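Working notes, structure below.
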Amino acid sequence: MDILIVEGNGPLSGTVPISGSKNAALPILIASLLMDGSVNYTNVPRLRDIGTTLKLLEVLGCPAEMDDAGNVIANPCEIAYQAPYELVRTMRASALCLGPLLARLGRASVALPGGCAIGARPVDMHLTALEKMGATFNLDAGYIEGVTDGLKGAHIAFPFPTVGGTENLLMAASLAEGTTILENAAREPEVCDLAEFLIQGGAKITGHGTSEITIEGVSELRQPKGASYRIMSDRIEAGTYLAAACITRGEVLIQNCPVDSMEAVLAPFEEMGAKLEEREDGLFVSAADRLKCVDVKTLPYPGFPTDMQAQIMAVMTLAEGSGVIEETIFENRFMHVQELVRMGARIKLSGRTAVVRGVEALTGAPVMASDLRASASLVVAALAAHGVTAIRRIYHLDRGYENIDAKLNALGAKVRREQE
Ligand code: EPZ
């Protein structure tokens with residue numbers, strides 16, 4: 001198994017290109033199952049989770065190919081209804097197949113995703129909403145078995161603005177009979193990117209980006225001839241490089257940075273003292289002086305994203321003063337805290353709140369990644385630590401960061417992989 005070796009090497013400088021968004025590409029690729037005719041995508045990031053999604057599409061009768069430039073062609077043909085445990089257990093987003101399969105086939109069999117490091121992450125809200133549209137479910141041998149004799153439009157009020165639930169229902173309702181209203185829907189930019197892709201294929205969707213989305217079902221979805229769909233840039237990857245630039249007191253241009261969807265991410269970094277300048281080709285970040293801690297609370301979009309919580313915590317470990325970080329989305333998303341403490345950070349945990357007291361320096365140490373964003377926070381901390389940090393279980397990192405070693409080394413970092 002690979003270990004990532006990071007040697008603190010002073011301020012980062014230069015330009016980093018941001019890839020396509022993992023959390024937009026996953027549902028958009030899965031939406032191929034709804035389409036008639038082949039579908040073309042560009043700017044798809046080369047990540048482990050994308051590889052898993054392409055395998056899943058293959059198993060579901062929608063073979064898809066990807067080239068080295070991030071172009072994907074998917075060919076939905078004989079759609080099958082079962083998403084196997086072997087694939088679902090490696091990627092929870094497989095549960096997003098439920099809506100498209102029920103809408104297309106009237107039947108779906110998807111392995112129930114297990115828990116994950118950051119929380120229980122049930123899919124009850126997805127199922128309750130699909131039941132409102134006329135599906136019935138039972139759990140059999142670890143599989144969610146769903147059937148319907150045709151999904152029908154309904155008024156659905158989510159108890160919480162679930163991202164995955166909104167995406168599943170957007171896809172299901174696009175091919176359902178009648179009109180569906182999603183109330184308290186998620187407003188994340190990735191949800192909007194999915195809606196725009198479906199609209200390109202002929203779906204009738206309005207209100208995406210707000211808490212109330214209306215979908216008028218249509219009988220067929222088809223990408224216009226010769227068209228392709230460009231996946232949006234990854235705002236969490238961009239935020240991670242922002243954190244890396246800040247903690248090393250560097251100067252970095254973040255190319256293709258989706259600034260418009262990052263207001264809640266950029267605001268606390270500016271409050272901490274980072275200088276941010278929007279330029280034609282990206283966001284220029286400089287952080288020459290020591291930053292100051294601030295308080296942060298994770299919230300659904302347009303609030304501060306939970307997927308940036310670990311990275312901003314890492315930056316605060318070396319900032320002046322103290323800051324309170326409250327995690328309101330997931331019940332167990334502080335696995336990185338003890339690993340940062342191993343590097344000399346001062347962080348006190350109590351329930352879903354962490355109090356970070358900035359220290360003068362971090363020291364490299366052997367640490368363990370527990371999930372995708374926790375691993376990103378360990379990389380960020382290691383870039384500014386004295387000495388060498390060895391990060392184990394970095395397969396988590398490869399799920400969501402394209403070419404992270406090469407991108408960081410191009411900014412002057414010292415990052416390499418070693419076999420355990
Ligand atoms: C998406 O997960 C993202 N994943 C997550 O990013 C992100 O952290 C999350 O949204 C919140 O922004 C992808 O897009 C693939 P939710 P999702 O449904 O859809 C509870 C990363 O690091 N809930 O909005 O699973 C749930 O347990 C990943 O890239 C239910 O209780 O998030 C959680 O506490 C990690 N029942 C909260 O709601 C349900 O049926 C938010 O979940 C659904 C959700």
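The values are calculated or read from the model by the stated rules, or taken from the named source; none is laboratory data. Quick caveat, the model's predicted, so the values are computed rather than measured. All Cβ positions, glycine included, derive from the backbone under ideal geometry; neighbour counts span all protein chains shown. Quick note on the areas: whole protein, heavy atoms, side chains included, nothing else; ligands and nucleic acids left out. Shrake-Rupley method; radii C 1.70, N 1.55, O 1.52, S 1.80 Å.
Let me know the volume per residue of the alpha-carbon convex hull for the chain, in Å³.
Roughly 126 Å³ of hull volume per residue.
Report the one residue of Met316, Gln223, Cys257 whose Cα lies farthest in the direction of the positive end of the charge dipole of the stretch 202-339 (charges on C-beta: Lys and Arg +1, Asp and Glu -1; origin at the Cα centre).
Gln223
In the full protein assembly as shown, how much of Arg230 is accessible to a 1.4 Å probe, in Å² to the nearest 10?
Using a 1.4 Å probe on the heavy atoms, I get roughly 140 Å².
Choose one of Val147, Leu198, Leu87: the residue whose Cα lies farthest towards the positive end of the charge dipole of the chain (beta-carbon charges +1 Lys, Arg; -1 Asp, Glu; about the Cα centre).
Leu87
Provide the net charge surrounding Leu383, with neighbours chosen by a C-beta distance below 11 Å and charges set as Lys +1, Arg +1, Asp -1, Glu -1.
Here the count lands on +1.
From the backbone phi of the stretch 22-37, what are the Karplus-calculated ³J(HN,Hα) couplings (6.51 cos²θ - 1.76 cosθ + 1.60, θ = phi - 60°) in whole Hz, Gly and Pro given as x?
4, 6, 8, 5, 4, x, 5, 5, 5, 5, 4, 4, 8, 8, 9, x
Identify which of Gly201, Gly273, Gly351 has the largest mean-square fluctuation in a Gaussian network model of the chain, with springs joining Cα atoms closer than 10 Å.
Between Gly201, Gly273, Gly351, it is Gly351 that shows the largest mean-square fluctuation.
Set Lys and Arg Cβ to +1 and Asp and Glu Cβ to -1, take the dipole of the stretch 320-420 about its Cα centre, and tell me which of Ala410, Ser375, Met343 lies farthest positive.
Going by the charge dipole, the pick is Met343.
Note down the magnitude of the dipole of the chain about its Cα centre, charges +1 on Lys and Arg C-beta and -1 on Asp and Glu C-beta and zero elsewhere, to the nearest 20 debye.
That gives the chain a dipole magnitude of about 840 debye.
How much length would be gained if the chain were fully extended between Val355 and Leu299, taking 0.36 nm per residue of separation minus their Cα-Cα distance, in nm to one decimal?
18.4 nm
Can you give the helix-only mean residue ellipticity at 222 nm for the chain, where every DSSP H stretch with n ≥ 4 adds -39500 (n - 2.57) and the sum goes over all residues, rounded to the nearest 500 deg cm²/dmol?
Taken over the chain, the calculation gives -8500 deg cm²/dmol.
Which of the three applies to the stretch 248-313, rounded, prolate or oblate, going by the alpha-carbon gyration tensor with a ≥ b ≥ c and a/c under 1.5 meaning rounded?
Here the stretch 248-313 falls in the oblate category.
With Cβ to Cβ distances under 15 Å as the rule, what net charge do the other residues near Ala227 carry (K, R +1; D, E -1)?
So the surrounding residues net to +1.
Answer rounded, prolate or oblate for the stretch 1-106, using the Cα gyration tensor with square roots of eigenvalues a ≥ b ≥ c: rounded when a/c is under 1.5, else prolate when a/b is larger than b/c, else oblate.
prolate
Work through the residues other than Ala111 whose Cβ is under 12 Å from its Cβ and net out their charges, Lys, Arg +1 and Asp, Glu -1.
Overall, the nearby charge balance is -1.
When only the heavy atoms of the protein chains count and the probe is 1.4 Å, how do Asp260, Asp2 rank by accessible area, highest first?
Asp260, Asp2
Between the stretch 94-142 and the stretch 195-232, how far is it from one alpha carbon centroid to the other, in angstrom?
Rounded to whole Å, the Cα centres lie 22 Å apart.
How large, in percent, is the carbon and sulfur part of the accessible surface of the chain at a probe radius of 1.4 Å?
Answer for the chain: carbon and sulfur cover 49 percent of the accessible area.
Suppose a student asked you for the relative contact order of the stretch 22-230, using Cα pairs under 8 Å spaced at least 6 residues apart; what percent would you report?
That works out to 20 percent.
Once amide H atoms are built 1.01 Å from N in the peptide plane, which residues 5 or more positions from Met368, or in another chain, come under 5 Å H to H?
Long-range HN contacts for Met368: Arg392.
Spin-label point model (7 Å from Cα, Cβ direction): what's the Arg107 to Ile73 distance in nm?
3.1
Once you place label points 7 Å from the Cα toward the Cβ at His155 and Gln338, how far apart are they in nm?
4.9
Could you run the Karplus curve 6.51 cos²θ - 1.76 cosθ + 1.60 with θ = phi - 60° over the stretch 100-114 and give me ³J(HN,Hα) per residue in whole Hz, x for Gly and Pro?
x, 5, 5, 5, 7, 10, x, 8, 8, 9, 10, 4, 5, x, x
If you take every DSSP beta bridge whose two residues both sit in the stretch 22-230, what share of them, in percent to the nearest 5, is antiparallel?
Beta bridges within the stretch 22-230, antiparallel portion: roughly 70 percent.
Suppose we take every Cα in the stretch 22-230 and form the convex hull; what volume per residue is that in Å³?
Hull volume over Cα atoms, normalised by residue count, gives 103 Å³.
Just the accessible area per residue of the chain, please: how many Å² with a 1.4 Å probe?
Ligands and nucleic acids excluded, the result is 39 Å² per residue.
From the Cα gyration tensor of the stretch 76-184, with a ≥ b ≥ c the square roots of its eigenvalues, which class applies: rounded if a/c is under 1.5, or else prolate if a/b is larger than b/c, or else oblate?
In terms of gyration-tensor shape, oblate.
Note down the relative contact order for the chain as a percent, whole number, built from C-alpha pairs under 8 angstrom at least six residues apart.
21
Show Tyr395, Tyr229 ordered by accessible area, largest first, where the area counts protein heavy atoms only and the probe is 1.4 Å.
Tyr395, Tyr229
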